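The next block holds one structure in the form of structure tokens; read it before the comments.
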Ligand code: CIR
């Protein structure tokens with residue numbers, strides 16, 4: 001039987017360091033690392049307040065983007081993970097400490113070693129038993145094939161989604177609930193075979209990355225219309241200020257790696 005959707009049992013995070021001022025970004029912006037650090041800590045407190053304890057991995061000033069830990073692994077179940085090979089060469093040094101941490105705590109960890117493959121966790125959106133994977137500047141077909149090989153034995157199918165615009169798939173679409181996603185207007189709606197999955201559109205680029213903790217949905221405070229829209233639908237929302245992290249193309253999902261309780265999956 002398929003796993004059911006739940007809030008994460010815990011989340012892994014890495015701190016924002018001073019070198020975050022040199023984080024990769026698509027558009028020029030001056031970044032205040034202290035402000036970004038405060039926002040990352042406030043995000044951790046929101047997770048904890050909603051029943052998701054945070055375990056901090058060490059920071060690394062040599063890796064300005066290390067706080068975006070989601071890109072370094074894909075959690076496949078409560079005790080199975082796939083460690084990525086990020087598409088940006090500058091981010092590959094972030095991976096070994098995360099891999100060691102996962103290997104110490106989980107029973108099955110696959111580490112992507114193929115030098116011709118690359119994939120970022122931010123390109124992987126789980127929708128039930130399907131992993132939608134963005135074919136983006138950061139993720140290629142070989143990376144997707146490697147993830148499919150690791151996910152297949154767990155009953156998970158992988159579906160590639162060509163990304164026309166945006167950094168990662170989850171920059172433009174994320175989950176509201178197990179049967180529903182939020183997608184940035186202008187992107188085609190992926191179809192999930194054999195399911196009645198529905199998409200809601202937003203026209204706020206900073207609003208498309210939501211983080212659903214079970215039935216509580218974290219929304220960027222920089223996306224007031226998205227927040228209002230979800231509230232009008234009666235959904236339980238929490239606005240989280242990640243404005244300084246947005247300057248480096250980060251958002252809510254990328255700040256943590258979430259592990260589901262046994263027998264469940266999570267966003
Ligand atoms: C990068 O360009 O890789 C980082 N500055 C942003 C990564 C954001 N990660 C994510 O959305 N999963």
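The values are calculated or read from the model by the stated rules, or taken from the named source; none is laboratory data. None of these values were measured; they are calculated from a predicted model. Reconstructed Cβ throughout: ideal geometry from the backbone, glycine too, with neighbour counts over all protein chains shown.
General observations
- Index of the failed condition, residue 204 passing every other in (1) within 18 Å of residue 250 (Cβ to Cβ); (2) in contact (Cβ under 8 Å) with a residue 24 or more places away in the chain: (2)
- Residue ranges of helices (runs of 4 or more DSSP H) in the stretch 79-187 with at least 2 members touching a helix residue (DSSP H, G or I) at 6+ places or on another chain (Cβ under 6 Å): 95-105, 169-172
- Test: residue in the stretch 135-145 that is surrounded by 24 or more Cβ atoms within 10 Å (Cβ to Cβ) and away from the ligand (no atom under 13 Å from the Cβ): yes
- Conditions (1) in contact with a helix residue (DSSP H, G or I) (Cβ under 9 Å, 6 or more places away or on another chain); (2) touching a residue at least 40 places away in the same chain (Cβ under 8 Å); (3) away from the ligand (no atom under 11 Å from the Cβ); number of the one not met by residue 262: (1)
- Among (1) within 13 Å of the ligand (Cβ to nearest atom); (2) part of a helix (DSSP H, G or I); (3) more than 19 Å from residue 72 (Cβ to Cβ), the one test that residue 46 misses: (1)
- Residues in the stretch 76-93 that are within 11 Å of the ligand (Cβ to nearest atom) and within 14 Å of the chain's Cα centre (by Cα) were compared, and the one that is farthest from residue 157 (Cα to Cα) is 86.
- Selected residue (only one of 177, 243, 256 is touching a residue at least 40 places away in the same chain (Cβ under 8 Å), away from the ligand (no atom under 16 Å from the Cβ) and closer than 30 Å to residue 95 by Cα): 177
- Scanning the stretch 213-237 for residues that are assigned to a loop (DSSP other than H, G, I, E, B) and either at pLDDT below 95 or surrounded by 14 or more Cβ atoms within 10 Å (Cβ to Cβ) (or both) turns up 214, 221, 222, 223, 235.
- Flag if residue 65 is in a loop (DSSP other than H, G, I, E, B) and either within 15 Å of the ligand (Cβ to nearest atom) or touching a strand residue (DSSP E or B) at 6+ places or on another chain (Cβ under 6 Å) (or both): yes
- Of all the criteria given as (1) within 23 Å of residue 183 (Cα to Cα); (2) surrounded by fewer than 19 Cβ atoms within 10 Å (Cβ to Cβ), the one not satisfied by residue 69 is (2).
- Residues that are in contact (Cβ under 8 Å) with a residue 40 or more places away in the chain and under 19 Å from residue 250 (Cβ atoms), drawn from the stretch 70-93: 70, 71, 72, 73, 74, 75, 84, 86, 87, 88, 90, 91
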